[in-house]
1. What is the percent carbon and sulfur in the accessible area of the chain, measuring with a 1.4 Å probe over the protein chains and ignoring ligands?
2. So what is the relative contact order for the chain, in percent, with contacts set as C-alpha pairs under 8 Å and at least six apart?
3. What number, rounded to the nearest 500 deg cm²/dmol, is the helix-based mean residue ellipticity at 222 nm of the chain, given -39500 (n - 2.57) per DSSP H run of at least four residues and division by all its residues?
4. Where a ≥ b ≥ c are the square roots of the eigenvalues of the C-alpha gyration tensor, would you call region 119-201 rounded, which needs a/c under 1.5, or, failing that, prolate if a/b is larger than b/c, or oblate?
5. Given the peptides 119-129, 68-78, arrange them by the average over their residues of other C-beta atoms within 10 Å, most packed first.
6. Under a point spin-label approximation (7 Å from Cα along Cα-to-Cβ), what is the ILE36-TYR133 distance to one decimal in nm?
7. Once you charge only the Cβ atoms, +1 for Lys and Arg and -1 for Asp and Glu, what is the size of the charge dipole of region 87-134 about its Cα centre, to the nearest 20 debye?
8. What percent does the relative contact order of region 1-115 come to when contacts are Cα pairs within less than 8 Å and at least six residues apart?
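The values are calculated or read from the model by the stated rules, or taken from the named source; none is laboratory data. What you see is a predicted model, and the numbers here were worked out from it, not measured in a lab. Ideal geometry is used to build each Cβ from the backbone, glycine not excepted, and the neighbour counts take in all protein chains shown. When the accessible area is computed, the model is the full protein with side chains, heavy atoms only, and any ligands, DNA or RNA have been set aside. Shrake-Rupley method; radii C 1.70, N 1.55, O 1.52, S 1.80 Å.
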Amino acid sequence: MLTKRDKAIIADLNRFRVMDRDSISELHFANLKRPINATNSVLLRLLRDGHIQRSTHVQPYVYYGADLRIKRNSAKINHWLSILGVYKEMRKLGALESFRVEPKFGRKGVAEPDVFARFRKTDFFIEVQRTIYTEKQMREKIDRYIDLCRSDLLPKPFPHLLILSEYTYELKAAPFRVFQSQSFTEFVESLKPRPIKIAVT
């Protein structure tokens with residue numbers, strides 16, 4: 001018999017594709033005295049009973065839903081873990097109303113964001129760039145968002161686009177707000193008003 005917590009863990013594994021043990025512990029066992037021990041016990045039981053899968057090709061081990069078909073050493077694992085990291089950041093910052101991983105908005109070729117999130121009553125598409133794109137690749141990505149904005153697939157106003165990357169791109173003008181930052185926390189900090197320094201003569 002699956003507990004309410006078991007079902008929540010499985011739902012998160014299906015949502016985020018893969019999760020590491022410490023993230024599962026942080027999100028589902030933080031209220032316990034020995035969260036890591038409890039996490040290990042529950043994950044081993046769910047694994048044994050066939051409700052989840054585990055890859056030992058990645059260190060530390062990662063877990064994913066029973067129905068997900070991915071290679072044990074897939075290059076996308078680190079990408080999905082980065083998306084999970086963004087979720088944990090946003091959750092700590094508060095007022096996170098929605099977080100969808102890799103949502104689809106139409107036919108192939110339409111913009112495919114890594115994340116659609118509603119944070120502090122504002123909608124965001126988030127691109128989590130772990131690798132550096134060429135300027136041409138990034139222009140093509142932005143063009144797909146512009147096409148999506150001009151289509152009737154989404155209600156207006158169109159979400160802001162946030163690119164999380166260690167590299168800053170030269171971007172073309174777009175009919176929506178585009179932000180770039182190294183992390184979501186840094187992005188939020190950049191929005192805070194700066195104190196005005198008054199020179200003393």
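1. Of all accessible area on the chain, carbon and sulfur atoms account for 51 percent.
2. 14
3. -12000 deg cm²/dmol
4. Since a/c reaches 1.5 and a/b is larger than b/c, the shape of region 119-201 is classed as prolate.
5. My ranking of the peptides, most packed first, is 119-129, 68-78.
6. 3.8
7. The calculated dipole for region 87-134 is roughly 140 debye.
8. 25 percent.
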